[in-house]
Amino acid sequence: MNSALAQGITAAVREANPLVVPLPAVREEDLHDLRVVLREVLKVWSCAGRSGDAELVLTELLANVIRHVPSSSCTLMLERHTWGVRLSVADSFAQVPALSEPRLSFNGEAGRGLCLIAAFSDDFYFDTYSDRTGKRAIADFRCAA
């Protein structure tokens, strides 16, 4: 990629807030490229120190869409805040897993990914919509500026 194009992309990312990425049919083979994009966005947004955590969380959230949502269509959103970055994945499946279920554990067969997401983000929760179907999984990452 030539440097003028790279600078243009960097400037666009720096200005974008939120950065919204529609994923009409996310697949496991897309996850690597999406992690690379996330890493570069966090670098531009001066939050590179949290890229490892955010990449793991992104992978788990998208894997949940691939494995548990009838349609693998979703939307990735990254938002900059004064305190850091919010990463969210919205899908059209209204069922929300209970984060407090006793069966959720790092050693269990079910819910391991949710435990990882909660452990590697500073805050993790689901937002359901009152005006449409679906949900949004939200993970916050605090970053020192």
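The values are calculated or read from the model by the stated rules, or taken from the named source; none is laboratory data. This is a predicted model, so every value here is computed, not measured. Using ideal geometry, Cβ is built from the backbone for each residue, glycine included, and neighbour counts are taken over all protein chains shown. Remember, those area values only see protein heavy atoms, side chains included, never the ligands or the DNA or RNA. Shrake-Rupley method; radii C 1.70, N 1.55, O 1.52, S 1.80 Å.
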Task: the stretch 34-91, accessible surface, carbon-and-sulfur percent (1.4 angstrom probe) - done: 52 percent
Task: Accessible area (Å², 1.4 Å probe, nearest 10) - THR128 - done: 80 Å²
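If the chain between LYS43 and THR133 were fully stretched, how many nm would it gain, using 0.36 nm times the residue separation less the Cα-Cα distance? Kindly include the intermediate steps, with their values, before the conclusion.
Working: separation 90, 0.36 × 90 = 32.40 nm, distance 3.36 nm.
So the extension gain works out to 29.0 nm.
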Task: Within the stretch 15-86, trypsin sites (Lys or Arg not before Pro) in DSSP loop having at most 16 other beta-carbon neighbours inside 10 Å - done: ARG27
